[in-house]
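The values are calculated or read from the model by the stated rules, or taken from the named source; none is laboratory data. Worth saying up front: this structure is predicted, and the values here are computed from it rather than measured. Positions of Cβ are backbone-derived with ideal geometry, glycine not excepted, and every protein chain shown enters the neighbour counts.
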Amino acid sequence: MSNSQTIPASASPTASSATTGHLAFAPAVFWQWLAGPVWLLAALVTWKLPDRDDFPDTGQFAFLLFAVGLCLLALTAIGRLRERAPWALVLGLGLGAWEVMQAKFLLLPRPFFGTPQDLLDVFLTDWKRLGDSLLHSLLLLVIGYVSGSVLGIITGVALGRSHHIRYWVRPIMRLIGPLPPVALLPLTFVIFPSTRLAGEVLMALAAGFPVAVLTWSGVSAVDHAYYDVARTMGAGDRFLVLRVALPAATPQIFVGLFMGLGASFAMLVVAEMLGVKSGLGFYMQWAQGWAAYPNMYAALIVMSLMCTTLMTLLFKLRDHCLKWQKNGLKW
């Protein structure tokens, strides 16, 4: 018997990775033990080297770097850092280099490039306005995205199930759907009584078109044998839609939801910058007008965290609804 026959398939790394469908990233051990010291070194440089100007919160920023360095060392000691260690190391190096280049030597042009302590000062002193802008953006986004997604799913199911609806609605979708929603911004500001309502309508349009098209595709792709079997057991149209068409089209629906969420993010920023007088987009426009670039960067960070959190929640919902595809795609 050959050696290849005596080795179990489960013991082969190649066979294991082929079974799981992806390879796990396992960084070297030294990455883990370097991450914490790099942050501690950045804290020491921030504290000891003199600033080239009167920058706020240098001591607080040094303490923050020091605290993160200690946390990273603790996580390394208990084996919880592992694959995130390279990112922790690179972030520590980046913050330390930024501090040295700008706060200690002023190598980057001001006011376009602030210092890390400038950014920290924005979060410490202007957190109320940032939080209020975040709440306004979330409310605007949720109303527009959810309404557009619901209408998109209803439209997609109707297009996939009815020839009459497809005859009348399909030309309208082909005419309006491919248009960038931002191109309709001046028109919607005239038609609707408030700029906020206009922004919600445009976000609904941005989310609804991809959701409708992919829902339609998923419903149309359902095997007709499923419908025939359900009808022989006495199922009505409502059962066919809710228990046959929608579950079978769920993977395509989630693809449309992801695409619609990305389009809604883009439309949110444009609407808040050009018309809606609230939210993170408006805050960024205000900061740029006053040359308060640290405030603008802080708003960008908050917006990025908001977007990635919503996308993560949508992935969690997808994994819950599509448990058989749970490990197929990671966010």
Do you know which residues across the stretch 68-81 are among the aliphatic types (A, V, I, L, M) and surrounded by 13 or more Cβ atoms within 10 Å (Cβ to Cβ)? Val68, Leu70, Leu72, Leu73, Leu75, Leu81
Scanning the stretch 120-135 residue by residue, those in a helix (DSSP H, G or I) and either touching a Lys or Arg at 6+ places or on another chain (Cβ under 8 Å) or of a type in the set (D, E, K, R) (or both) turn out to be Asp121, Lys128, Arg129, Asp132
Please pick out the residue among Leu280, Leu246 that is touching a His at 6+ places or on another chain (Cβ under 9 Å) and either closer than 19 Å to Met203 by Cα or of a type outside the set (D, E, K, R) (or both). Leu280
Just to be sure before I move on: is Ser194 among the hydroxyl-bearing types (Ser, Thr, Tyr), more than 22 Å from Val222 (Cβ to Cβ) and either surrounded by fewer than 22 Cβ atoms within 10 Å (Cβ to Cβ) or not assigned by TED's automatic domain parsing to the domain that holds Met306 (or both) in the structure I sent? yes
Tally, over the stretch 45-54, of residues that are surrounded by fewer than 16 Cβ atoms within 10 Å (Cβ to Cβ), over 21 Å from Phe123 (Cβ atoms) and not charged (D, E, K, R): 2
Just give me the residues in the stretch 66-95 being part of a loop (DSSP other than H, G, I, E, B) and charged (D, E, K, R), in sequence order. Arg80
Can you say whether Phe265 is touching a Cys at 6+ places or on another chain (Cβ under 6 Å), more than 21 Å from Met173 (Cα to Cα) and surrounded by 17 or more Cβ atoms within 10 Å (Cβ to Cβ), as far as the supplied structure shows? yes
For Asp57, work out the one condition from (1) exposed (fewer than 14 other Cβ atoms within 10 Å of the Cβ); (2) in contact (Cβ under 8 Å) with a residue 60 or more places away in the chain; (3) charged (D, E, K, R) it doesn't fulfil. (1)
Residues in the stretch 255-263: is at least one over 30 Å from Asp132 (Cα atoms) and free of Cβ contacts under 8 Å to residues at least 60 places away in the same chain? yes
Any chance you could count how many residues in the stretch 270-319 are assigned to a helix (DSSP H, G or I) and either among the basic types (Lys, Arg) or not assigned by TED's automatic domain parsing to the domain that holds Val255 (or both)? 2
So for the stretch 96-119 (the condition being assigned to a helix (DSSP H, G or I), under 23 Å from the mean Cα position of the chain (by Cα) and under 16 Å from Tyr293 (Cβ atoms)), does at least one residue qualify? yes
Take Gly160 and tell me if it is modelled with pLDDT under 95, outside the structural domain of Gly69 (by TED's automatic domain parsing) and crowded, with 16+ Cβ neighbours inside 10 Å. yes
Val276, sole failed condition from (1) within 30 Å of Leu120 (Cα to Cα); (2) out of contact with any Lys or Arg (no Cβ under 6 Å at 6 or more places or on another chain); (3) buried (at least 17 other Cβ atoms within 10 Å of the Cβ): (2)
Would you please list the contacts, defined by Cβ atoms under 6 Å and residues six or more apart or on different chains, that run from a residue in the stretch 78-89 that is within 12 Å of Gly36 (Cβ to Cβ) to a residue that is surrounded by fewer than 17 Cβ atoms within 10 Å (Cβ to Cβ)? Ala85/Pro27
Within the stretch 46-65, how many residues are assigned to a helix (DSSP H, G or I) and either out of contact with any helix residue (DSSP H, G or I) (no Cβ under 6 Å at 6 or more places or on another chain) or among the hydroxyl-bearing types (Ser, Thr, Tyr) (or both)? 7
Kindly indicate the residue of the stretch 96-122 that is over 18 Å from Trp39 (Cα atoms) and among the charged types (D, E, K, R) and also surrounded by the fewest Cβ atoms within 10 Å (Cβ to Cβ) among those meeting that condition. Arg110
